[in-house]
Ligand code: MG
């Protein structure tokens, strides 16, 4: 029996190939996952896809063998973005989906991410069930005559592109003949984003739109330092907008026509603003870490916001339960329920173009209309076994603090004050608290973080 640890992190299982992420692990996970599916389904059908990484074939074949051994049928949909695999699972009635990807990590990494039958990312409960079976090696192998079959299907890309074209006002976008600089970062977005933009009548200037698992263009995390070429190219060619995707194309980041990098909190708020406006109100869902500009624009159009724990699967599930009009994370992970309940970069790009077309405004003008806040982030040490008591004490002490208007314990402790907020959130992996604060004034944001960090330090000392 293996020693039980945590395999699934925030974004599935990830590791360096042939070190912690190897064939044996993938095979075992395939058998455990297949065993889990067989508990409720007689002959589960599993879709599998990969991003552009060099180790994809190795891991795809190993995990597939595990599914086949436990009596699941596997359909290989090829090299696709994560949201394309998710859409395929939902639309083609698969029982589960697997994407072999390590998102924006360096090329030596790879990973395995699970998708439920509704196309959403696996919940923590399902991951824990699979982990339990894996560590106990309690596999339900099929009899020799009952092992699964492996087939391929090449319709996922068309299915997904058509889904997006139906979910946006394609004719309106086409009329505008937008010029887009597209930076796929050599990632999975290359296989379809240029095709989608052509179908939307756009003129495209391509940057790093050739698949390459070594990511030669730039590091595939869409941060300003990695998108310098895009930032320069947009004004140079006089384009309307620049768009960049991360390695598995679930997240998108934008650059306005002047070459300004747009942080994810702004594009997220823009998405929320227009979803709320179009629906004459409605619920929007986002984690507690999100900037207040999100709530400001939603409330301006008569909508409401539900704050959740950090993590896109949580946001997606709350959106489904509450029939939300929009949701997402401020790292470029926008979720549009009219398409599907997951972060979706190609849909985000199409939607931003639709907003620009409908409002007849430049992207810089649309972003200028979003309220501006100053964000401050820091961290502080705290032993893991003291995190819980520190959060409880902090929440209790500040309930009597007249300057604190609301205490929110959704994920860590978030204290609202008249002119800002501060959030102390325990790291899941390190003995630290992450401290976030926000205010319209930069110095005040820093002051808020410092004040409540000091209070938390005092609490730790007294424990
Ligand atoms: Mg990603």
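Here, each number is a calculation from the coordinates, and none is a lab measurement. This is a predicted model, so every value here is computed, not measured. We place every Cβ from the backbone using ideal geometry, glycine too, and count neighbours over all the protein chains shown.
When the convex hull of the C-alpha atoms of the stretch 159-368 is computed, what volume per residue in Å³ does it have?
Dividing the Cα hull volume of the stretch 159-368 by its residue count gives 107 Å³.
By count of other Cβ within 10 Å, fewest leading, how are 277, 418, 358 ordered?
418, 358, 277
Residue separation times 0.36 nm, minus the C-alpha to C-alpha distance between residue 321 and residue 429: what's the value?
Roughly 36.0 nm would be gained on extension.
Express in whole angstrom the spacing between the alpha-carbon centres of the stretch 143-186 and the stretch 383-436.
Cα centroid to Cα centroid, the span is 42 Å.
In the calculated pair distance distribution of the chain, what percentage of Cα-Cα distances lie above 37 Å?
So the pairs more than 37 Å apart make up 29 percent of the total in the chain.
Where in the stretch 276-295 is the amide nitrogen less than 11 Å from a point lying 7 Å along the Cα-to-Cβ axis of residue 406?
Residues 295 qualify, since their backbone N sits under 11 Å from the label point.
Of the DSSP beta bridges with both residues in the stretch 68-207, give the percent that are antiparallel, rounding to the nearest 5.
40 percent
Output the peptides 393-404, 38-49 sorted from most to least packed, where packing is the average of other Cβ atoms within 10 Å over each peptide's residues.
Ranked by mean Cβ neighbours within 10 Å, highest first: 38-49, 393-404.
Residues of the stretch 28-44 with backbone nitrogen within less than 17 Å of a virtual label 7 Å along the Cα-to-Cβ line of residue 146, please, listed as ranges.
31-44, by backbone N distance to the label point.
Quick check: the distance between the Cα centres of the stretch 202-248 and the stretch 282-338, to the nearest angstrom?
27 Å
Which log10 I(q)/I(0) values, to two decimals, does the stretch 374-462 give at q = 0.18 Å⁻¹ under the Debye formula with one point per Cα?
-0.70
Starting with the fewest neighbours, write out 104, 179, 218 ranked by other beta-carbon atoms found within 10 Å of each beta-carbon.
Going from sparsest to densest Cβ surroundings: 179, 218, 104.
Does the stretch 151-222 come out rounded, prolate or oblate by the C-alpha gyration tensor, with a ≥ b ≥ c the root eigenvalues, rounded set by a/c under 1.5 and, if not, prolate when a/b is larger than b/c and oblate if not?
Oblate.
How large is log10 I(q)/I(0) at q = 0.12, 0.13, 0.15 Å⁻¹ when the Debye formula is applied to the Cα atoms of the stretch 13-154, each weighted equally and without solvent?
-0.40, -0.48, -0.65
Treat the count of other C-beta atoms within 10 Å as a stand-in for reagent exposure and order 356, 309 from fewest to most.
309, 356
Over the Cα atoms of the stretch 114-201, each weighted equally, I'd like the Debye log10 I(q)/I(0) at q = 0.15, 0.26 Å⁻¹, rounded to two decimals.
-0.85, -1.28
Give, in whole angstrom and from largest to smallest, the semi-axes √(5λ) of the equivalent ellipsoid of the stretch 347-412, with λ running over the eigenvalues of the Cα gyration tensor.
Three semi-axes, in Å: 41, 16, 12.
Can you bin the stretch 64-118 into rounded, prolate or oblate? Criterion: square roots of the alpha carbon gyration tensor eigenvalues sorted a ≥ b ≥ c, rounded for a/c under 1.5, prolate for a/b above b/c, oblate for the rest.
It is oblate, given that a/c is not under 1.5 and a/b is not larger than b/c.
What is the percent of Cα-Cα separations in the stretch 78-231 that go past 18 Å?
69 percent
Sort 370-381, 262-273 by packing, meaning the average of other beta carbons within 10 Å per residue, with the highest value first.
Final packing ranking: 262-273, 370-381.
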